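I'd like to ask you about the structure that follows.
The values are calculated or read from the model by the stated rules, or taken from the named source; none is laboratory data. Remember, it's a predicted structure, so these values are computed and weren't measured experimentally. Using ideal geometry, Cβ is built from the backbone for each residue, glycine included, and neighbour counts are taken over all protein chains shown.
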Amino acid sequence: MKISCDVVMDLLPLYHDGVCNQSTKKQVAEHLDECESCRALLDKIGDTTIDDKIKAERQDVIMHQAKALKIRYAQNIGAVIFSALLLLGIITCFIVDIAISGTLTWSLIPIIACVFAGIIFIPAIKYGVKGIEVSLIIFTVLVVPFLFILSLNIDSGELLLPIGIRMSVISLVYLWGIFAIFKVLRARKFMAVAISLLLAIPLSIVVNCTLSSIIDTSLFDVWDALAFVIIAGVAAIFFFLDFKFKKRS
């Protein structure tokens, strides 16, 4: 019984290594006598020894580990630099405030802001994608206490809490939405970016409506319209890139 090329191609590695049974070996040999393409494929398999395959796989593993170590090293360096800059800012504000006022006054505001920024951003910088979710959770939990502490140290800060809490809720909904979009569309980054950009338009509308209900400010102006057009244009570019990339793959 003759066997097809597809079957022979699956059996060639076993045939080459001499581990198939005699009946199968005979059928493959008969096929090879008549099929030039399968003989050429067997020659290619013969050129690649098991040691070569092991070396290639080992090299792939080493390269993957080296790349992961480089990324981890860069993330650690980034976290150290970011922490050092925040610490430098805190020390500078502390020294200047003590030198001018003899006590801590205005410097409490940037010091609190630096500490909050460090707690929020360092996990994302140090752990990359895995740290983003941690940063979002921390921001969700600490943003209201941060605004409350900040309002205690700002003169005439009665509007800080009502405005800040509303803006924080809106921002959290948007940020968690983007996080979910990128998680669902992890294989289509261009599409995720395009959708996130388009969602910035209703976000801006909600922010403007919220602010106009609290303080005397215009709901929309020509700059808002221009921003919406630019955002929609950039989103269209990313939609196009997603289409081209998907079509190519």
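Is at least one residue of the range 235-248 within 30 Å of P145 (Cβ to Cβ) and either in contact with a strand residue (DSSP E or B) (Cβ under 6 Å, 6 or more places away or on another chain) or not aliphatic (A, V, I, L, M) (or both)?
We begin by selecting, within the range 235-248, every residue within 30 Å of P145 (Cβ to Cβ); these are none.
No, every residue in the range 235-248 fails to be within 30 Å of P145 (Cβ to Cβ) and either in contact with a strand residue (DSSP E or B) (Cβ under 6 Å, 6 or more places away or on another chain) or not aliphatic (A, V, I, L, M) (or both).
Any idea which of D224, D216, D242 is among the acidic types (D, E) and outside any helix (DSSP H, G or I)? Working first, answer last.
Numbers: D224 fails: outside any helix (DSSP H, G or I); D242 fails: outside any helix (DSSP H, G or I).
Answer to the selection: D216.
Residues are listed down the side, and each one gets a yes or a no for (1) assigned by TED's automatic domain parsing to the domain that holds G177; (2) at pLDDT below 90; (3) surrounded by 15 or more Cβ atoms within 10 Å (Cβ to Cβ); (4) not acidic (D, E):
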| site | (1), (2), (3), (4) |
| --- | --- |
| I81 | no, no, no, yes |
| D97 | no, no, yes, no |
| K126 | no, no, yes, yes |
| I132 | no, no, yes, yes |
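Please go through the range 172-181 and give me each residue that is touching a helix residue (DSSP H, G or I) at 6+ places or on another chain (Cβ under 9 Å) and without any contact (Cβ under 8 Å) to a residue 12 or more places away in the chain, ordered by number. Give the steps one after another, and end with the answer.
Quick first cut of the range 172-181, residues touching a helix residue (DSSP H, G or I) at 6+ places or on another chain (Cβ under 9 Å) only: 172-179, 181.
Of everything in the range 172-181, just one residue is touching a helix residue (DSSP H, G or I) at 6+ places or on another chain (Cβ under 9 Å) and without any contact (Cβ under 8 Å) to a residue 12 or more places away in the chain, namely V173.
Determine, yes or no, whether I163 is over 28 Å from the mean Cα position of the chain (by Cα), outside the structural domain of W106 (by TED's automatic domain parsing), among the β-branched types (V, I, T) and assigned to a helix (DSSP H, G or I).
On the way: over 28 Å from the mean Cα position of the chain (by Cα): yes; outside the structural domain of W106 (by TED's automatic domain parsing): yes; among the β-branched types (V, I, T): yes; assigned to a helix (DSSP H, G or I): yes.
Yes.
Results for (1) basic (K, R); (2) surrounded by fewer than 16 Cβ atoms within 10 Å (Cβ to Cβ); (3) under 23 Å from the mean Cα position of the chain (by Cα); (4) not assigned by TED's automatic domain parsing to the domain that holds A124, shown as yes or no for each residue.
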site: L172; (1), (2), (3), (4): no, yes, yes, yes
site: M191; (1), (2), (3), (4): no, no, yes, yes
site: A200; (1), (2), (3), (4): no, no, yes, yes
site: I215; (1), (2), (3), (4): no, yes, no, yes
site: A227; (1), (2), (3), (4): no, yes, no, yes
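Let me ask something additional. Hey, any hits in the range 116-131 for a residue that's within 27 Å of K183 (Cα to Cα), hydroxyl-bearing (S, T, Y) and part of a helix (DSSP H, G or I)?
Restricting attention to the range 116-131, the residues satisfying the condition of being within 27 Å of K183 (Cα to Cα) are 116-131.
Still in the list and also hydroxyl-bearing (S, T, Y): 127.
Applying the additional criterion that residues be part of a helix (DSSP H, G or I) yields 127.
Yes, the range 116-131 has at least one match.
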